[in-house]
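Notes for the one structure printed next.
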Amino acid sequence: MGKTLAEKIWADHVAHSAPGEPDLIYIDLHLLHEVTSPQAFDGLRLAGRKVRRTDLTIATEDHNTPTLNIDKPIADPVSKLQVDTLRKNAAEFGVRIHSLGDAEQGIVHVVGPQLGLSQPGMTIVCGDSHTSTHGAFGALAFGIGTSEVEHVLATQTLPLVRPKTMAINVDGTLPAGVTAKDIILAIIAQIGTGGGQGYVIEYRGSAIRALSMEGRMTICNMSIEAGARAGLIAPDETTFAYVKGKPHAPEGADWDDAIAYWKTLKSDDDAKFDKEITLKAEDLAPFVTWGTNPGQGAPLNSNVPNPADFSNPEDKGAAERALTYMGLTAGTPLKSIKVDTIFLGSCTNGRIEDLRAAAAVIKGKKINKDLRMLVVPGSARVRLQAEQEGLDKVFLDAGAEWRNAGCSMCLGMNPDQLAVGERSASTSNRNFEGRQGKGGRTHLVSPLVAAATAIRGTLSSPADL
Amino acid sequence: MDKFISHTGTAVPLRRSNVDTDQIIPAVYLKRVTKSGFEDGLFAAWRSDPEFVLNKPAYKSATILVAGADFGTGSSREHAVWALQNYGFKAVISSRFADIFRGNSQKGGLLTVVLPEADVEKIWAAIESDPTTEVTVDLEAKNVRMGNDVFAFEIDDYTRWRLMEGLDDIGLTLKSIDDVSAFEKSRASFKPKTLPIRS
């Protein structure tokens, strides 16, 4: 029987296996940031251990970093300590780091791909659940906890139990205005936040093949929101073209060898998935969340659902609590919901293509006077690129704020937070209670919906303008 | 890591599903560079509500958390495990855990027990009607006991052995480090390296 893509990558990375034990999987790339690494370095220090492969390790600062006044010391002393600790650890252990102010600083999942470090067939880990993003390259990429960060630093491996595999097929052509974000929100609404648990998801089908690398990253990024630790897409010409010429892409004969290997990276025709789901692209529409987990979403053209309509008592209870928290009434048209803040950014939708898409909608218009819009590029490099293209001007002329790179309001560890009761349309990945600030209310949306909402003031798509 | 063989204590009912890691400990509480002190952020948003179950005096000394399905969804922050442990929890029972959270809990020695929803419901009912009800989570026997009830649970033998011995993963992996070195020699030369820096 044939193998799935995930099974092939797994098989290529088993450094040690024994009956009754998890496989010891070799890790090709380890990404670090300031929040989940300090205790791991501390563990190394206590045990007198070194970083085994500094040449497969890279660090950047993203979760805590301010997006304003980045030339000044970080104002929050606790955030500053965490960032300083990463800098000290990187220096002590010989790890490459891109600090605030560096052109390669930014959200770790934007930085890896733009440096050409994320490539097909690799195993990639980071102490961050959105590491699944790199699966867009046909890599097995997943988030780990701090104990595992320490384990990878010390041994460049992880003991892991082989996950099950799930295929999600999206066939057909997406209707105009429907994006990768809408696909993944629709998938999560269908299978639920626990639907992918224990699986690696492979996204397949003509609608997936037609996506750019940025779109594929958006989809793989939110695999974790469906409960899957990893999601991936088989590499193809789109992937190869994206990697080619990036700073750390293979060159010369290495490039040819790499391509020959990468072309073998697809699920065999007779491979069997443990679970398979199919969606028709034509059925999809702009999608937004109304609740407090990413599975609580609905087409933008519909109404806030009635908890009484949920058959599962747990879903019903969760929906009731979510509507209370969100301050919404069942039956309200989603398009009539007024928002206070637009957040365009994050590892889900903070790449250049996302900024271009939103800018194209906003160009020549003004954002609604009752709201604020934060535009936070995913990396300093994305910011520079956007400025070269004049996108900063488009946003600034419309009345939006043009910020520096980082995770920012996606999780509100830095000063970019929602106030109690404040409502956002956010291109990020989690609408959990308090995620963007205590008492804040989050609607997850695509960059197109974020841009249209910024202009109209209520949840909208470009078709409504 | 401390050995976990069996633990007996009182339990607190958390009747909510999808308790994500931002509820267990919001991001603003993640800024420490140590593994201790995170109890201040545990369920921070809910603890300001005097009616929240953890604030009820009857459950003050509980050491077992009994939660709804899909506990620990969201981020990979191990701080969620540390917060529960720092607060005093030794075990969490739920009908379903998010993968990364479960993995993290098993690294740090917080026992996560998966029981069918009906069993969770039964424990909830008992500890709600009498908060002093003693619950035993027995890793050696692979069951949870409460009065005359015995609820069996599954856990893979390897993880169970590690937890019962209190073994640290790095030490175990280092026993196979020669295999890792051999594997490294076989890696393709086209695989990227972060050093030296290229631009």
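The values are calculated or read from the model by the stated rules, or taken from the named source; none is laboratory data. Computed from a predicted model, the values in this text were never measured in an experiment. Reconstructed Cβ throughout: ideal geometry from the backbone, glycine too, with neighbour counts over all protein chains shown.
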**Request:** Would you check if A:Ser132 is in contact with a strand residue (DSSP E or B) (Cβ under 7 Å, 6 or more places away or on another chain) and either among the small types (Gly, Ala, Ser) or more than 25 Å from B:His79 (Cβ to Cβ) (or both)?
**Result:** yes
**Complete:** Considering residues that are within 19 Å of the chain's Cα centre (by Cα) and either farther than 25 Å from A:Thr131 by Cβ or surrounded by fewer than 24 Cβ atoms within 10 Å (Cβ to Cβ) (or both), the number found within region A:418-431 is 1
**Asked** Restricting to region B:67-93, what's the tally of residues that are facing chain A (nearest Cβ under 8 Å), out of contact with any Leu (no Cβ under 7 Å at 6 or more places or on another chain) and within 11 Å of A:Gly145 (Cβ to Cβ)?
**Response** 3
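Among what's in region A:240-256 and is among the aliphatic types (A, V, I, L, M) and touching a Gly at 6+ places or on another chain (Cβ under 8 Å), pick the residue that is farthest from the other protein chains (Cβ to nearest Cβ). Let's see the steps before the verdict.
Within region A:240-256, the first condition is being among the aliphatic types (A, V, I, L, M), and the residues that meet it are A:241, A:243, A:249, A:253.
From the residues that got through so far, the ones that are touching a Gly at 6+ places or on another chain (Cβ under 8 Å) too are A:243, A:249.
Numbers: A:Val243: 10, A:Ala249: 8 Å.
Checking each candidate, the answer is A:Val243.
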**Message:** For region B:8-50, give me the residue count where each residue is under 29 Å from B:Glu121 (Cα atoms) and in a loop (DSSP other than H, G, I, E, B).
**Reply:** 12
**Among (1) in a helix (DSSP H, G or I); (2) at the interface with another protein chain (Cβ under 9 Å from one of its Cβ atoms); (3) closer than 20 Å to A:Pro247 by Cβ; (4) among the polar types (S, T, N, Q) - the single one A:Ser79 does not satisfy** = (3)
**Prompt:** Which of (1) within 22 Å of B:Asp2 (Cβ to Cβ); (2) within 14 Å of another protein chain (Cβ to nearest Cβ); (3) small (Gly, Ala, Ser) does B:Ala62 not meet, given it meets every other one?
**Reply:** (2)
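Take the residues in region B:161-199 that are touching a residue at least 12 places away in the same chain (Cβ under 8 Å) and not basic (Lys, Arg), then tell me which one is nearest to the other protein chains (Cβ to nearest Cβ). Give the derivation first.
Of region B:161-199, the ones touching a residue at least 12 places away in the same chain (Cβ under 8 Å) are B:162-169.
Then drop every residue that is not not basic (Lys, Arg), which leaves B:163-169.
Details: B:Leu163: 13, B:Met164: 15, B:Glu165: 14, B:Gly166: 14, B:Leu167: 11, B:Asp168: 9, B:Asp169: 6 Å.
It comes out as B:Asp169.
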**Message:** If I ask for residues that are more than 9 Å from chain B (Cβ to nearest Cβ), part of a loop (DSSP other than H, G, I, E, B) and buried (at least 18 other Cβ atoms within 10 Å of the Cβ), which ones from region A:38-60 would you list?
**Reply:** A:Val51
**Request:** Taking the options A:Gly121, A:Gly143, A:Gly106, name whichever one is at the interface with chain B (Cβ under 9 Å from one of its Cβ atoms) and either over 22 Å from the mean Cα position of the chain (by Cα) or at positive phi (or both).
**Result:** A:Gly121
**Request:** Taking A:Thr442 as the residue in question, decide whether it is among the polar types (S, T, N, Q) and within 14 Å of chain B (Cβ to nearest Cβ).
**Result:** yes
**Prompt:** Does region A:368-404 hold any residues that are in a helix (DSSP H, G or I), in contact with an Asp or Glu (Cβ under 9 Å, 6 or more places away or on another chain), under 16 Å from A:Arg351 (Cβ atoms) and of a type in the set (D, E, K, R), and which are they?
**Reply:** A:Arg381, A:Arg383
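I'd like to check something: does region A:149-158 contain any residue that is away from every other protein chain (no Cβ under 11 Å) and either among the acidic types (Asp, Glu) or crowded, with 24+ Cβ neighbours inside 10 Å (or both)? If you could, list the steps in order and put the result at the bottom.
Initially, region A:149-158 is screened for residues away from every other protein chain (no Cβ under 11 Å), giving none.
No: region A:149-158 contains no residue that is away from every other protein chain (no Cβ under 11 Å) and either among the acidic types (Asp, Glu) or crowded, with 24+ Cβ neighbours inside 10 Å (or both).
I need the full set of residues from region A:61-76 which are within 12 Å of chain B (Cβ to nearest Cβ) and either closer than 12 Å to A:Gly106 by Cα or surrounded by 22 or more Cβ atoms within 10 Å (Cβ to Cβ) (or both), in order please. Talk me through it step by step, then tell me what you get.
Of all residues in region A:61-76, those within 12 Å of chain B (Cβ to nearest Cβ) come to A:63-64, A:74, A:76.
Passing the criteria: A:His63, A:Asn64.
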**Complete:** Restricted to region A:1-37 and to residues being over 26 Å from the mean Cα position of the chain (by Cα) and in a strand (DSSP E or B), the residue surrounded by the fewest Cβ atoms within 10 Å (Cβ to Cβ) is A:Val14
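Kindly state which strands (runs of 3 or more DSSP E) lie completely within region A:91-161 and contain at least 1 residues that are out of contact with any Cys (no Cβ under 9 Å at 6 or more places or on another chain) and at pLDDT below 95. So that I can check it myself, show each step before the final result.
Working: elements: A:96-98, A:123-126, A:140-143, A:157-160.
The strands (runs of 3 or more DSSP E) meeting that bar number zero.
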**Sole exception among (1) free of Cβ contacts under 8 Å to residues at least 40 places away in the same chain; (2) hydrophobic (A, V, I, L, M, F, W, C); (3) over 27 Å from A:Leu444 (Cα atoms) for A:Ile201, by number** = (3)
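Looking at region A:315-336 only, could you name the residues that are among the hydrophobic types (A, V, I, L, M, F, W, C) and more than 25 Å from B:Gln23 (Cα to Cα)?
Of region A:315-336, the ones among the hydrophobic types (A, V, I, L, M, F, W, C) are A:318-319, A:322-323, A:326, A:328, A:330, A:334.
Once the filter is applied, which keeps residues that are among the hydrophobic types (A, V, I, L, M, F, W, C) and more than 25 Å from B:Gln23 (Cα to Cα), region A:315-336 yields only A:Leu334.
Which of the residues that make up region A:405-416 are part of a loop (DSSP other than H, G, I, E, B) and crowded, with 21+ Cβ neighbours inside 10 Å?
Restricting attention to region A:405-416, the residues satisfying the condition of being part of a loop (DSSP other than H, G, I, E, B) are A:405-407, A:411-416.
Listed by number, the residues that qualify are A:Ala405, A:Gly406, A:Cys407, A:Leu411, A:Gly412, A:Met413, A:Asn414, A:Asp416.
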**Request:** Might you let me know whether region A:348-357 holds any residue that is closer than 20 Å to A:Glu225 by Cα, within 14 Å of chain B (Cβ to nearest Cβ) and modelled with pLDDT of 95 or more?
**Result:** yes
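Can you confirm whether A:Leu459 is surrounded by fewer than 19 Cβ atoms within 10 Å (Cβ to Cβ) and within 23 Å of the chain's Cα centre (by Cα)?
Numbers: surrounded by fewer than 19 Cβ atoms within 10 Å (Cβ to Cβ): no; within 23 Å of the chain's Cα centre (by Cα): yes.
No: the conditions fail for A:Leu459.
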